[in-house]
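Below: one structure, written as structure tokens.
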Amino acid sequence: MDIKNQLALITGGASGMGAATAETLKAAGAKIALVDLSDTVHEKAEQLGVAGYQCDVSDESAVRAILDKIEAEQGTPRIIVNCAGICPGARVLGREEPHPLDLFEKTLKVNVIGTFNILRLAAERISRTDELNADGERGVIINTASVAAFEGQIGQAAYAASKGGVVGMTLPIARELAKFGIRVVTIAPGIMETPMISAMPEHVQDSLKETMLFPRRLGKADEYARLALHICENAMINGETIRLDGALRLAPK
């Protein structure tokens, strides 16, 4: 897909990989609609010179309303990048009580249901648009999983389950949406240099870096963004989950 002048909707766009993806796709010529639960999305959108929208991705009526607003203001997004997500930690058998059920439920609601909610409602609209090229392509949807989907750590039961759900639905949805010319791809980042990681003590960050094979450092948000751009432009990437992890394989702790 030639992304010039195409509209990209990016969730979790107020910070981290979402914000980096917005910056990268904009530099490549795309129009951007930033979506985030935090009201800081408006500040980030202003910084980037794009449109910002506050929304809970797991809320069906809220997403429908935001999509209506985006469509009225900018047209139908042809590129969807789902970066919105949470990463809580809790042991199944904690010191004081078992894993809180509401925390497990919330993690699945944001990471799996939120991703699917945006995907299904955006895909419906993309399916009604004109073909963009000789391949019959209409759009591309990029989801975000994690290497925890494959090698979850102790305390990551909810997070690993949620990201495993994102990986698991990638191929069946890609198969279903193929007839509409919509590709579906998932990126599974390793340990990325996010605000949460950066706030950790230096010795903790150093220990995380030691788990990397090559390069011996944390992943950067713009590396996620550049992969997202390549996926948009390379039509043969479809129905796949791509690890972005420097050959990291997490061992149990």
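The values are calculated or read from the model by the stated rules, or taken from the named source; none is laboratory data. All values reported here derive from a predicted model rather than from experimental measurement. Glycine also receives a Cβ, built like all others from the backbone with ideal geometry; neighbour counts cover every protein chain displayed.
Just so you know, in the stretch 236-253 the residues that are crowded, with 16+ Cβ neighbours inside 10 Å and among the small types (Gly, Ala, Ser) include one that is nearest to the chain's Cα centre (by Cα), and it is Gly239. Ile191 falls short on exactly one of the conditions (1) under 21 Å from the mean Cα position of the chain (by Cα); (2) in contact (Cβ under 8 Å) with a residue 60 or more places away in the chain, and that condition is (2). Annotation for the stretch 61-79: no member residue is farther than 24 Å from Leu229 by Cβ, at pLDDT 95 or above and part of a loop (DSSP other than H, G, I, E, B).
Can you tell me which of Asn82, Asn5 is of a type in the set (S, T, N, Q) and crowded, with 16+ Cβ neighbours inside 10 Å?
Working: Asn5 fails: crowded, with 16+ Cβ neighbours inside 10 Å.
After applying the criteria, what remains is Asn82.
From the list Glu193, Glu233, Glu210, Glu176, the one residue that fits, being closer than 18 Å to Ala84 by Cα and acidic (Asp, Glu), is Glu193.
If I filter the stretch 130-156 down to residues being over 24 Å from Tyr224 (Cα atoms) and either among the small types (Gly, Ala, Ser) or in contact with a helix residue (DSSP H, G or I) (Cβ under 9 Å, 6 or more places away or on another chain) (or both), which single residue comes out as surrounded by the fewest Cβ atoms within 10 Å (Cβ to Cβ)? Selected residue: Ala134. Taking the stretch 32-60 as the region of interest, how many residues are of a type outside the set (S, T, N, Q), more than 18 Å from Glu73 (Cα to Cα) and in a loop (DSSP other than H, G, I, E, B)? Adding up the residues that qualify gives 5.
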